[in-house]
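*Asks:* For reference, the structure I am asking about is given below.
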Amino acid sequence: MTLPQSDSPAPGVSAASGQGTAPAGSGHALLSVRGLTIDAGGRDGFAPIVRDVSFGIGAGQALGLIGESGSGKTLTCMALGGLLPRGVRVTGGEILLNGTDLAQASERQLRRVRGGLIGFVFQDPGAALDPLSPVGAQLAEVARTHQAIGRARARSVALKLMDEMEIPKARDRYRAYPHELSGGMKQRMCIAMALAGNPRLLVADEPTTALDVTTERAILDLIGRLRAERDLALLLVTHSLPVAALMTDQLRVMYAGEMVEAGGTADCLAAPGHPYTEALAESARSVERSRDGRLVAIPGAVPGGVAATDRCVFAPRCPYATDQCVAGHPPWQPTRSGSAACIHVDRARKDGAR
Amino acid sequence: MTVAEVSVSRVSVAFRRRAGIPLLHGPGRRGPAAVAALDDVSIDLRRHETLALVGESGSGKTTLGRAIVGLQAPTSGQILIGGQPLAHLLRTDFLRTRRRLQIIFQDPGSSLTPWMTVGKAIAEPLLKHKIAASRADALRRAAELLELVGLSPASASRYPGDLSGGQRQRVAIARAISVQPEVLVCDEITSGLDASVRARIVNLLADIRSERPLTQVFITHDLHLAQAVSHRVAVLQAGRIVEIGDAAQVFEHPEHPYTRRLRAAQPTLPDPPEQPEEGPARQ
């Protein structure tokens, strides 16, 4: 069921992952995703919903994955843990974690990886916790699946983790049910569970989207501290550019199931190579600057169906689009700190600032 | 059409705690018998004003918004709409009062009836409030409203489940403005949405405000958004207004430590370079 990896489906893609990981100066890649393609079953057979996505994360590195809903960010994350929903499957590419290809791994191997090498945290902590059992017991159970320890030891491991997550009154909260905890506390419990197996990589998919501004900041600060203390790598999926800017040093931008830009986070946001990144940044900036009740929107919508391979997927919404953009799939071009799949990366040089 | 000013005067809302539901936070498992969601809040909204309510979850923003449209009766204090007590208006002229005061919620997925087509959902209040002369007229107006909020009139025959979150929120907006309210409360209406969709919803509200008179309450925990859309901002903490003033004033020179804390918590984008550099490419 896995398609053979063609020699080099898009030469630029390897440039993207190569250049993307280079600036962080991390010698060895903890995770290396190459040419990942994910298909969804439909009435007309399988169609790609994520196509040819490549990126790498070095040990201890933080990479942000941004894009609108429907860009394929979440599916990409789920593929890392073999968590794709029924009817959706990886049909191409490889997911190398410490050299093992997870795309080919058995369910048994994946079970060891999930929570073991990769910890996952999702948007809705309420849905991630079992409403019928106390949160402390749930955490202790996770600890026991990763370590050969008894119940009493698991309990103390869980309490220690809760302390590490800055959960006050951990002994009281150990017995609490999820509905008794606030959203922020529930997310702290979920992070504790994700870290119970001492993973090297934390995959966090919109971990603070459901939280208000002060709780969001507290959770982000917690993740930052845990990263430093545990030398933990981070793959952060977010639609908030300020959050990506705060938390990550590398950025990957996805659009309609494809990766369109790769580079250092600060550079990508300050001087976007791809017009889509530019549009996202302008939209996000307009919220901070607008005083007249109007924000900058990106015209059009993310295409719902399958993106075409013979032209730029963003062209219909792009202010720079030319005939050339729809004549072929855009090659990867070097940008300030990475690369972008666009033939107009040099636009700023030609016509100055917009 | 005249737009009512809203006057909230010393309003408190207390929720009684049901027995048998212990709360972990607060003093011990028992805690007090009642929780004050709003504590002696007074605020006047001018006609045509957009007021933002900001604060953390539990600060009372939603309770205040619900109280203003009459969905939550104050435990004490009163709310005046156009100079008349809201409680009295609801008793004597319920339907018309409901029409004048509209609210849009955070999750349009749960505020729209899943088995009612979008067109019917918008037509229903038009019939209820006798704004439309007939069923056919109501459906025709619903199609116009859909166009106004940027959806195709053909989407009238679709169900909420067929639409994206942003599209559903547009339907909720169309439904709320269909009855030409004087006061519109927007409770975290863009929280679950992408930046670009959020921008379009916010712009749609700006268009609506410029076309018809409206007094608006915009509830959000995003301080940037509050500043972008509002004339004045009220900062709520634990049921009390701790700071209120001109939007730019409150955020650029916050006086209350809580406002400063909210502001410091909000991540911001680093500034782009003023001048584009020689070229983006670096070999």
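*Asks:* Can you tell me which of (1) closer than 26 Å to B:Ser191 by Cβ; (2) at pLDDT below 95; (3) outside any loop (DSSP other than H, G, I, E, B) is the one B:Glu144 doesn't meet?
*Replies:* In the conditions (1) closer than 26 Å to B:Ser191 by Cβ; (2) at pLDDT below 95; (3) outside any loop (DSSP other than H, G, I, E, B), B:Glu144 misses (1) alone.
*Asks:* Let me ask something else. How many residues, within the range A:207-230, are surrounded by fewer than 19 Cβ atoms within 10 Å (Cβ to Cβ) and under 15 Å from the mean Cα position of the chain (by Cα)?
*Replies:* The number of residues fulfilling the criteria is 1.
*Asks:* Let me ask something else. Can we say B:Ala121 is without any contact (Cβ under 8 Å) to a residue 40 or more places away in the chain and either open to solvent by less than 30 Å² (accessible area, probe 1.4 Å) or of a type outside the set (D, E, K, R) (or both)?
*Replies:* No; evaluated as a whole, the condition is false for this residue.
*Asks:* Of the conditions (1) assigned to a helix (DSSP H, G or I); (2) within 30 Å of B:Val242 (Cβ to Cβ), B:Gln78 fails just one. Which one is it?
*Replies:* Here B:Gln78 meets the rest and fails (1).
*Asks:* Which members of the range B:57-91 meet the condition of being within 14 Å of chain A (Cβ to nearest Cβ) and either small (Gly, Ala, Ser) or open to solvent by less than 50 Å² (accessible area, probe 1.4 Å) (or both)?
*Replies:* The answer is B:Ser57, B:Gly58, B:Ser59, B:Gly60, B:Lys61.
*Asks:* Looking only at strands (runs of 3 or more DSSP E) that fall completely inside the range A:248-347, which ones have 1 or more residues that are open to solvent by less than 10 Å² (accessible area, probe 1.4 Å), away from chain B (no Cβ under 11 Å) and touching a residue at least 40 places away in the same chain (Cβ under 8 Å)?
*Replies:* A:250-255, A:258-264, A:339-341
*Asks:* If you go through the range A:207-247 one residue at a time, how many are within 18 Å of A:Met165 (Cα to Cα), in contact with a strand residue (DSSP E or B) (Cβ under 8 Å, 6 or more places away or on another chain) and not in a helix (DSSP H, G or I)?
*Replies:* Total satisfying the criteria: 4.
*Asks:* Listed residues B:Ser164, B:Ser196; which is surrounded by 24 or more Cβ atoms within 10 Å (Cβ to Cβ), among the polar types (S, T, N, Q), under 23 Å from A:Ala284 (Cβ atoms) and at pLDDT below 90?
*Replies:* From the options B:Ser164, B:Ser196, the qualifying one is B:Ser196.
*Asks:* With respect to A:Val157, is the statement that it is touching a residue at least 12 places away in the same chain (Cβ under 8 Å), farther than 23 Å from A:Leu201 by Cα, among the hydrophobic types (A, V, I, L, M, F, W, C) and away from every other protein chain (no Cβ under 14 Å) true?
*Replies:* No: the conditions fail for A:Val157.
*Asks:* Being farther than 12 Å from B:Val171 by Cβ, surrounded by 16 or more Cβ atoms within 10 Å (Cβ to Cβ) and either touching a helix residue (DSSP H, G or I) at 6+ places or on another chain (Cβ under 8 Å) or among the hydrophobic types (A, V, I, L, M, F, W, C) (or both) is the filter here, so list the residues in the range B:132-149 that pass it.
*Replies:* Result: B:Ala132, B:Ala138, B:Leu139, B:Arg141, B:Ala143.
*Asks:* Still on this model: Given A:Gly92, A:Gly41, A:Gly12, A:Gly45, which one is open to solvent by 40 Å² or more (accessible area, probe 1.4 Å) and either at pLDDT below 90 or in contact with a Leu (Cβ under 6 Å, 6 or more places away or on another chain) (or both)?
*Replies:* A:Gly41
*Asks:* Can you tell me which residue is farthest from A:Asp212 (Cα to Cα) among those in the range A:155-201 that are in contact with a helix residue (DSSP H, G or I) (Cβ under 8 Å, 6 or more places away or on another chain) and among the hydroxyl-bearing types (Ser, Thr, Tyr)?
*Replies:* So, considering only residues that are in contact with a helix residue (DSSP H, G or I) (Cβ under 8 Å, 6 or more places away or on another chain) and among the hydroxyl-bearing types (Ser, Thr, Tyr), the one farthest from A:Asp212 (Cα to Cα) is A:Tyr174.
*Asks:* Follow-up question, since we're still on this one. If you take the residues of the range A:194-217 that are over 19 Å from B:Thr190 (Cα atoms) and among the hydrophobic types (A, V, I, L, M, F, W, C), which of them is nearest to the other protein chains (Cβ to nearest Cβ)?
*Replies:* If we take residues in the range A:194-217 being over 19 Å from B:Thr190 (Cα atoms) and among the hydrophobic types (A, V, I, L, M, F, W, C), then A:Ala204 is nearest to the other protein chains (Cβ to nearest Cβ).
*Asks:* While we're looking at this one, here's another question. What residue, of B:Ala206, B:Ala234, B:Ala195, is under 23 Å from A:Thr209 (Cβ atoms) and not acidic (Asp, Glu)?
*Replies:* Going through B:Ala206, B:Ala234, B:Ala195 in turn, just one is under 23 Å from A:Thr209 (Cβ atoms) and not acidic (Asp, Glu): B:Ala195.
*Asks:* Residue check: is B:Gln106 touching a helix residue (DSSP H, G or I) at 6+ places or on another chain (Cβ under 7 Å), closer than 30 Å to A:Glu216 by Cα and assigned to a loop (DSSP other than H, G, I, E, B)?
*Replies:* Judged against the criteria, B:Gln106 is not a match.
*Asks:* How many residues does the range B:171-189 hold that are open to solvent by less than 10 Å² (accessible area, probe 1.4 Å) and in a loop (DSSP other than H, G, I, E, B)?
*Replies:* So the answer is 3.
*Asks:* Out of B:Gly109, B:Gly82, B:Gly55, B:Gly77, I need the residue that is touching a residue at least 24 places away in the same chain (Cβ under 8 Å) and more than 26 Å from B:Ala226 (Cα to Cα). Which one?
*Replies:* None of the other options fit; the residue is B:Gly77.
*Asks:* When you check A:Pro178 against the structure, is it open to solvent by 20 Å² or more (accessible area, probe 1.4 Å) and either at pLDDT below 95 or not hydrophobic (A, V, I, L, M, F, W, C) (or both), yes or no?
*Replies:* No.
*Asks:* Answer with yes or no whether A:Ala128 is within 24 Å of B:Gly58 (Cα to Cα) and in contact with a Cys (Cβ under 6 Å, 6 or more places away or on another chain).
*Replies:* Here the answer is yes, as A:Ala128 does meet what is asked.
*Asks:* Consider B:Ala156 carefully, then state whether it is in contact with a helix residue (DSSP H, G or I) (Cβ under 8 Å, 6 or more places away or on another chain) and within 25 Å of A:Thr208 (Cα to Cα).
*Replies:* No: the conditions fail for B:Ala156.
*Asks:* Could you please let me know if B:His48 is open to solvent by 10 Å² or more (accessible area, probe 1.4 Å) and on the phi > 0 side of the Ramachandran plot?
*Replies:* yes
The values are calculated or read from the model by the stated rules, or taken from the named source; none is laboratory data. None of the values given here were measured: they were computed from a predicted structure. Don't worry about glycine lacking a Cβ; one is built from the backbone with ideal geometry, like all the others, and counts go over all protein chains shown. Areas reflect the complete protein model, heavy atoms only, side chains present, ligands, DNA and RNA absent. Shrake-Rupley method; radii C 1.70, N 1.55, O 1.52, S 1.80 Å.
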